[in-house]
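Colleague: Let me give you the structure first, and then I'll get to my questions.
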Amino acid sequence: MNLNLKNHSVAVIGAARGIGRAIADGFVAEGCSVRGFDRDKAADFITAGDVASYMALQDFAAEFESVNHVVFCVGIGSGKFGFPFWNLDPSDWARVLEVNLIGAVNVAHAFAPKLIKSGGGSMLFLVSVAGQMGSQTDPPYSASKAALINFTQCAAKDLGPHNVRVNALAPGMVKTELNHSIWAAGQKKRPESEWQSFDDWAAEKIKKVSHLGRWQMPEEYAAMATFLASDHAKNITGQTINIDGGQVMHA
């Protein structure tokens, strides 16, 4: 399938590794000009900064003469196992919401004028299946992603008249540092005699939650992200698309 994205300008926020890096590489493979933003300057095409800083994102947006597509691939957890929720303190919520939700809002504010000036394009937010099912593993993370799903719909309505499409992409079980941190936090709540290796924990969890019984890979999200940026998806907006092995099914 020819996506006709050659020479499009793309901003990928959270481009240093994992799904964000795979998405950046996916757009490059389609012939796009890609610039990344991340707190870790892992490559020359990345500008270092914190998504919690609106000023930093405004400066990053100013690097673009024009932009066609913006992708937000940032997500952090509390670093604690949240079941029941009172295992956490209210103070554990602030940074998660600041990065996962307010960071996305900062990106939308910084880039919406650029997308409108370009005459249209797309914005994509990486969310999570956790934001659709009240996952108890890390309530601040789940709540932040649920809020971002709702903001996706709000932004899609506001930007639709300007020919800018806004969607959300929800991962399930993906081999990234975030899943590894969830495993580590969970082990701390177990007696030492019940500790599991990451591989054993992941195999057990995948068997329990994924109907296809396998990991999802970062490259799958890159394929969907580039498709959603293309004219093949010109009538898709305000949607949350799950790539989750069947983890979330709405009756």
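Colleague: What lysines does Lys208 reach when the alpha-carbon gap must be under 23 Å and sequence neighbours fewer than 8 apart in one chain are set aside?
Modeller: Lys80, Lys145, Lys175, Lys188, Lys189
Colleague: A follow-up question, please. How long is the gain from Asp25 to Ala43 if the chain were fully straight, where each residue apart is worth 0.36 nm and the alpha carbon distance is subtracted?
Modeller: Difference between extended and current length: 5.3 nm.
Colleague: Continuing with this model, one more query. Could you pull out every one of the lysines with an alpha carbon less than 18 Å from that of Lys114, ignoring same-chain neighbours closer than 8 positions?
Modeller: Within the straight-line limit of under 18 Å, Lys114 reaches these lysines: Lys157.
Colleague: Next up: Please work out the C-alpha center-to-center distance from segment 205-251 to segment 53-74 and express it in whole Å.
Modeller: 25
Colleague: Between Asp199 and Ala223, how high is the FRET efficiency from 1/(1 + (r/R0)^6) when r is the Cβ-Cβ distance and R₀ = 30 Å? Nearest 0.05.
Modeller: Working: r = 26 Å, r/R0 = 0.86.
Efficiency, rounded to the nearest 0.05: 0.70.
Colleague: What list of ³J(HN,Hα) couplings, whole Hz, do you get for segment 45-56 from phi and the Karplus terms 6.51, -1.76, 1.60, once you set θ to phi - 60° and write x for glycine and proline?
Modeller: Using θ = phi - 60°, the values come out as 7, 9, 8, 7, x, 10, 5, 6, 9, 5, 4, 5 Hz.
Colleague: In segment 1-106, what GluC sites (Glu not before Pro) fall in a loop by DSSP, with at most 13 other Cβ atoms inside 10 Å? Can you show the working numbers first?
Modeller: Numbers: sites: Glu30, Glu63, Glu65, Glu98; in loops: Glu30, Glu63, Glu65.
Those satisfying the criteria are Glu63, Glu65.
Colleague: I need Asp50, Asp38 ordered by Cβ neighbour count within 10 Å, fewest first. Could the numbers behind the result be given before it?
Modeller: On the way: Asp50 15, Asp38 24.
Taking fewest neighbouring Cβ atoms as first place, the list is Asp50, Asp38.
Colleague: What nm value, rounded to one decimal, do you get for the distance between Leu212 and Phe83 when each label is placed 7 Å out toward the C-beta?
Modeller: Placing both labels 7 Å beyond Cα along the Cβ direction yields 2.4 nm.
Colleague: If you average over every viewing direction, what projected area does the convex hull of the Cα atoms of the chain give, in nm²? Before the final figure, lay out the partial values.
Modeller: Working: hull surface 55.1 nm².
That works out to 13.8 nm².
Colleague: Quick one: Ser33, Ser91, Ser135, fewest Cβ neighbours within 10 Å first, how do they rank?
Modeller: Values: Ser33 15, Ser91 8, Ser135 20.
Least to most surrounded, the residues fall as Ser91, Ser33, Ser135.
Colleague: Order of Leu212, Leu97, Leu169 from fewest to most other C-beta atoms within 10 Å?
Modeller: Numbers: Leu212 12, Leu97 16, Leu169 25.
Going from least to most buried by this count: Leu212, Leu97, Leu169.
Colleague: Rounded to the nearest 20 Debye, what is the dipole magnitude of the chain about its Cα centre when Lys and Arg each give +1 and Asp and Glu each give -1 at the C-beta?
Modeller: Values: 22 positive and 24 negative charges, 82 e Å.
It works out to roughly 400 debye.
Read the figures in this text as sums done on the coordinates, not as results from a lab. For clarity, every value in this text was computed on a predicted model and none was experimentally measured. Please note: Cβ atoms are built from the backbone with ideal geometry, for glycine as well, and neighbour counts cover all protein chains shown.
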